Amino acid sequence: MFDHVGIRASDRESSERFYEAVLATLGFEKTYSDEHMAEWNDFAISPELEDKPATRRLHVGFVAPSRAEVDEFWRVGTEAGYRDDGPPGPRPEYGDDYYGAFLLDPDGNSAEAVWHGSPRTGGVVDHVWLRVASVEDSKRFYEAVAPHAGFRLLEHDSPERAHFTAGNGSFSVVAGTPSEHVHMAFPASSNTVDEFHRALVAAGYPDNGPPGERPIYHPGYYGAFVLDPDGNNIELVNHNR
């Protein structure tokens with residue numbers, strides 16, 4: 001579902017140390033690092049900039065191979081002094097076989113290790129929860145993105161939550177004080193990148209970068225960006241333009 005999920009950190013060194021420690025317990029090592037970012041497959045952190053502040057109030061669930069790794073994620077994090085946000089255990093409100101544990105990163109974002117019967121394959125990120133000012137407004141925005149990004153709205157949404165999935169990972173928009181400065185990118189063909197940007201801008205959503213190649217990332221990187229109703233940066237990207 002996700003091409004990548006990106007956050008900005010008020011102190012990159014501290015946040016990188018946190019994610020290195022806890023993601024290693026799930027079998028994920030850093031796949032890339034330079035002065036601009038550190039990456040673990042489809043999850044990335046970058047330092048905050050004057051015009052790009054730190055991410056706040058985001059929830060990211062990371063894939064755990066088993067319940068044992070969920071336990072280890074929480075143990076390693078809490079023993080290193082990171083804040084507990086929920087000990088390992090079943091969470092039947094999310095699913096009959098859902099087992100998770102929660103920590104807070106140095107900027108207060110919620111990081112979860114999760115095991116359940118239908119985990120995402122091929123990535124680090126299992127799911128994302130965005131807190132939003134208006135579930136209805138955010139649902140309308142992501143429904144407009146959906147046909148271009150290949151995900152769909154699940155039918156059991158509510159006034160407090162809307163849940164989207166592509167069958168391999170998911171994200172939800174949840175009523176609350178909005179998450180800030182989040183970046184989510186979804187994979188697409190280059191033609192679809194163009195169509196996404198044209199349709200969303202025509203619907204009145206703010207342009208945050210027109211379709212085009214971004215060789216700063218790598219040759220052939222072709223993306224476009226719009227802002228969701230809470231100002232988060234949403235991208236469709238093709239890596240083989």
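From the set of residues in the range 15-44 that are among the hydrophobic types (A, V, I, L, M, F, W, C) and within 14 Å of Tyr217 (Cβ to Cβ), which is surrounded by the fewest Cβ atoms within 10 Å (Cβ to Cβ)?
Initially, the range 15-44 is screened for residues among the hydrophobic types (A, V, I, L, M, F, W, C), giving 18, 21-24, 26, 28, 37-38, 40, 43-44.
Still in the running and within 14 Å of Tyr217 (Cβ to Cβ): 37, 44.
Numbers: Met37: 16, Ala44: 22.
Once the filter is applied, the top-ranked residue is Met37.
If I ask for residues that are open to solvent by 70 Å² or more (accessible area, probe 1.4 Å) and among the acidic types (Asp, Glu), which ones from the range 138-177 would you list?
Within the range 138-177, Glu143, Glu155, Glu160 meet the criteria.
Can we say Arg12 is at positive phi and surrounded by 18 or more Cβ atoms within 10 Å (Cβ to Cβ)? Write out each step before concluding.
Details: at positive phi: no; surrounded by 18 or more Cβ atoms within 10 Å (Cβ to Cβ): yes.
No; evaluated as a whole, the condition is false for this residue.
Condition first: of a type outside the set (Phe, Trp, Tyr), surrounded by fewer than 20 Cβ atoms within 10 Å (Cβ to Cβ) and touching a residue at least 60 places away in the same chain (Cβ under 8 Å). Now tell me which residues in the range 184-224 satisfy that.
Result: Pro187, single match.
Got at least one residue in the range 34-43 being at pLDDT 95 or above, more than 15 Å from Glu180 (Cβ to Cβ) and in a helix (DSSP H, G or I)?
There is no residue in the range 34-43 that is at pLDDT 95 or above, more than 15 Å from Glu180 (Cβ to Cβ) and in a helix (DSSP H, G or I).
Counting only residues that are touching a residue at least 24 places away in the same chain (Cβ under 8 Å) and assigned to a loop (DSSP other than H, G, I, E, B), which one in the range 89-106 is surrounded by the fewest Cβ atoms within 10 Å (Cβ to Cβ)? Step through it out loud before you land on a result.
Initial filter on the range 89-106 (touching a residue at least 24 places away in the same chain (Cβ under 8 Å)): 99-103, 105-106.
Of the ones still in play, those that are also assigned to a loop (DSSP other than H, G, I, E, B) are 105-106.
Values: Asp105: 23, Pro106: 19.
Per the stated criteria, the residue is Pro106.
Test Ala175 against the stated conditions and say whether it is among the small types (Gly, Ala, Ser), touching a helix residue (DSSP H, G or I) at 6+ places or on another chain (Cβ under 6 Å) and under 23 Å from Asp51 (Cβ atoms). Working first, answer last.
Working: among the small types (Gly, Ala, Ser): yes; touching a helix residue (DSSP H, G or I) at 6+ places or on another chain (Cβ under 6 Å): yes; under 23 Å from Asp51 (Cβ atoms): no.
So Ala175 fails the test.
The values are calculated or read from the model by the stated rules, or taken from the named source; none is laboratory data. Since the structure is predicted, the reported quantities are computational estimates derived from the model, not experimental observations. Counting neighbours? That spans all protein chains shown, and the Cβs are built from the backbone with ideal geometry, glycine included. We work out accessible area using only protein heavy atoms, side chains counted, and drop any ligands, DNA or RNA first. Shrake-Rupley method; radii C 1.70, N 1.55, O 1.52, S 1.80 Å.
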